[in-house]
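A quick write-up on the structure given underneath.
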Amino acid sequence: MTPDEAIHARFQVIWPGFTLELDLKLPGRGVTALFGHSGSGKTTLLRCLAGLERQSTGLLNFKGDIWQDSARGIYRPTHQRSLGYVFQEASLFPHLSVWKNLNYGRKRVHNKHKVSLDQAVALLGIGHLLDRMPGRLSGGERQRVAIARALATSPELLLMDEPLAALDLKRKNEILPYLERLHDELEIPVFYVSHAPDEIARLADHVVLLSEGRVVAAGGLRETLARLDLPTAFTEDAGVVVEAVVADHDETYHLTRLDFTGGSVVVARRPEALGRRLRFRVHARDVSLTLTRAEGTSIANLLPATVTEVADADTPAHALVQLDAGGTPLIARITRRSLVHLDITPNKPVWAQIKAVALLG
């Protein structure tokens, strides 16, 4: 990344009992997920990026444009930063219609319109809601309007602070496809705060893992989730995300084949057309290992792989095994007894049996 493509954020915030201290160089495109447990510093970092945390000191270089430089006395206030901010609660003006909520703030848009109002309405699918008052909207509809309102200010950066946290599962699933559309169709970089692994797996390109105000790891989604030295690897949710292409539909058995670097998997029939890109997640608990290709098994997804790393799991009865399946990383969670009996060590060739695949999208 060149300086004009990257976002350089170096902040220090000191409160009683909590300190945020970090130095990050982040991509100026795609979705960067800020991930971690409650109190890890995710929202504080987002507020620093937005210029809402006046106690912060440090530097914020947004693609070559200095938004903050404490050493030089530069601190651009929020209204002078070209950004949109989406909170957990939609916070719509209750006395204004959806259309008037969307128009609010347009007067301060001085840069070239990156997103037109009509485009924001179409992306979030809210054209039929424009005349309604916020009180007549469902929770999911309110949040879609809030996202459209943030986009309508034509931001160069979109900040989203757990936008799905206040919604039930049904409403979350209603909104996620719209967030994927933003990811696919807009070039605006997004910083997305969440503590939900499935949201991160579905939306993110880049991950920053925070703990107690410090950066534990930062990198591409696939590589970061596959690391065994991170806290995320020691939970029941440990697993990897794989980018694949819809390669074939088997109409006889109602199955779809997804191809990716290193192999393919078969899943229940998907509606997407051939050539469509999809993400799927493989949990470590759904991967077992064998030294030879299994025959006479109901497990359809078998991949040749090489062991790259072995680590302790969060319980003494289990171990985590990192695999390279032809360029695609996988993690298997197996018993320590199996680890010893199969003599699983780095560089050993194995077969990975994938018992279940979670399609994301």
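Quick rundown of the values:
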{"item": "Rough spin-label spacing in nm, given labels placed 7 Å along Cα→Cβ, for Tyr104 and Lys355", "result": "5.0"}
{"item": "Linear extension gain, Leu169 paired with Asn347, 0.36 nm per residue minus alpha-carbon span", "result": "59.9 nm"}
{"item": "Value of [θ]222 nm, deg cm²/dmol, for the chain, DSSP H segments ≥ 4, -39500 (n - 2.57) each, nearest 500", "result": "-5500 deg cm²/dmol"}
{"item": "Selected from Gly30, Leu323, Pro349, residue furthest toward positive end of dipole (the chain; charges at beta carbon)", "result": "Gly30"}
{"item": "Local electrostatic count at Leu130 - Lys and Arg +1, Asp and Glu -1, tallied over other residues with Cβ under 15 Å", "result": "+4"}
{"item": "Projected label distance in nm at Leu230 and Thr261, using a 7 Å step from Cα toward the beta-carbon", "result": "1.6"}
{"item": "Relative contact order (%) - criterion: Cα under 8 Å, at least six apart; region: segment 6-225", "result": "30"}
{"item": "Sum of side-chain charges, Gly51 neighbourhood, beta-carbon under 9 Å (Lys, Arg +1; Asp, Glu -1)", "result": "+3"}
{"item": "Part-to-part distance (alpha-carbon centres) for segment 25-57 and segment 312-343, which is given in Å", "result": "33"}
{"item": "Relative contact order (percent, whole number), segment 1-106, Cα cutoff 8 Å, 6+ residue spacing", "result": "24"}
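Computed from the coordinates by the stated procedures, all read-outs in this text should not be read as laboratory data. Computed from a predicted structure; not experimentally measured. Note: ideal-geometry Cβ built from the backbone for every residue, glycine included; neighbour counts use all protein chains shown.
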